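The values are calculated or read from the model by the stated rules, or taken from the named source; none is laboratory data. Predicted, not measured: the structure shown is a model, and the values here were computed from it. Positions of Cβ are generated from backbone atoms using ideal geometry, with glycine treated the same way; all protein chains shown enter the neighbour counts.
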Amino acid sequence: MSIFIFLGYIYSLILSIISSLMIYKNREKYGITTIAYLNIIIIIFNGIVFSSFFFFSTEILFSNSINKNLWKGALMSEISSFWLYALGFSFLKEYRKIPTVFFLYFTILFSINLGVLISLHPIIIEYVYIINFSSDIICNFFLIVNNLSFGVFYIIYFIKISKISNFKNLNRVIFIYTFILLVDIILFCLYLIWSETIFRILFIFVYWLIMTIKCVFSILKPRIYIALTNNVYFIHIYHKTGVLLYSYQFEKSLDPETSSAVWGNILIGLNHILSEFIDKEDQIDVLQTTNAEIIVNYNNEYGFATLVITNQKNSLIENSMQQLTDDFESKYREELTNLQDINKIINVSDFKDAKKIIEKNFKLYL
């Protein structure tokens, strides 16, 4: 047994456990908790399940039958992680522009590979000082197709993320990650074809490097997932009299048809929103439409409400709204106090600098 592979395996276990716990602890920072849970599942599959099957099947000889099944387990967990990656990418905010056939394609490949590994028993073990595996042509073919397809899939999504993201650092990290991932996929395919130990060893160390990048990135940059899964279209600040104090439109906005429908709902619901200043016990905080959600944050003391139009509500948007409301109150306290006089004429130009407050609190969506 190689001491370096043993240490790498222990490192993978520790990294996966710590990363999973940290992601779970900070799951609300990912905007959609489903993304946090998917990240945890993928990390567990890659860092614990696959690494364990791989280590025990290739480094410790139990018996021909046991090691064969352990290697099968490694291959099954690998194809399962590909399917989970495809599922995770489906939560990207613009994923519908890439045909859903990609997700269906990996589901079909997953089923075929699973059937081949279970039914055909294609794995043959070879033991001469070290443990190696070879597969029959059918098994190799579908495994290589699955791996190469995932490489192509990841390149397509990298291009897609680059187009929708304004984060240069994010694009750089994803480019490096994608390049290393492709190298690892090639190494694994070479091992499947020639069963050379050097390809297997290089594969697992590069694999653990990829795991490290993913875990560190997921822990340190959870808000990036929100940028990829959420859109904020408009922010409006209304006085309780119904006067629009300030309006901000984000660059990536709704299409004209959808925008008209959303604005119709706003106009219908505005009277209800304004009436909520009187009844403070049960204030409306969300208006749902077919294509967007209108989130409302009230400031009853100074009589204004902040409306955010987004594709989906999450805790980060709510926290940003609350901070925006607090900052708006702090900056315009005097103007808002004067507006308590119902005979006072409202000059909306007094609030023209609200743009800076909005961009400060919603810079992630710019």
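Quick notes on this structure:
- Positions within the range 176-203 being β-branched (Val, Ile, Thr) and under 25 Å from the mean Cα position of the chain (by Cα), in sequence order: Ile176, Thr178, Ile180, Val183, Ile185
- Helices (runs of 4 or more DSSP H) fully within the range 302-366 counting 2 or more residues that are outside the structural domain of Ala36 (by TED's automatic domain parsing) and of a type in the set (A, V, I, L, M, F, W, C): 315-331, 354-361
- For the residues Phe203, Phe234, the requirement of being touching a Leu at 6+ places or on another chain (Cβ under 7 Å) and modelled with pLDDT of 70 or more singles out Phe203.
- In this structure, Val286 does not qualify as closer than 30 Å to Ile32 by Cβ, surrounded by 18 or more Cβ atoms within 10 Å (Cβ to Cβ) and under 25 Å from the mean Cα position of the chain (by Cα).
- Ser52 being in a helix (DSSP H, G or I) and modelled with pLDDT of 95 or more: yes
- Output for the range 175-208, where each listed residue is over 13 Å from Phe133 (Cα atoms), in contact (Cβ under 8 Å) with a residue 60 or more places away in the chain and surrounded by fewer than 18 Cβ atoms within 10 Å (Cβ to Cβ): Phe205
- Members of the range 310-341 found to be buried (at least 18 other Cβ atoms within 10 Å of the Cβ) and closer than 18 Å to His239 by Cβ, listed by number: Met321, Leu324, Thr325, Phe328, Tyr332, Leu336, Leu339
- Subset of the range 21-53 [of a type in the set (Ser, Thr, Tyr) and buried (at least 20 other Cβ atoms within 10 Å of the Cβ)]: Tyr30, Ser51
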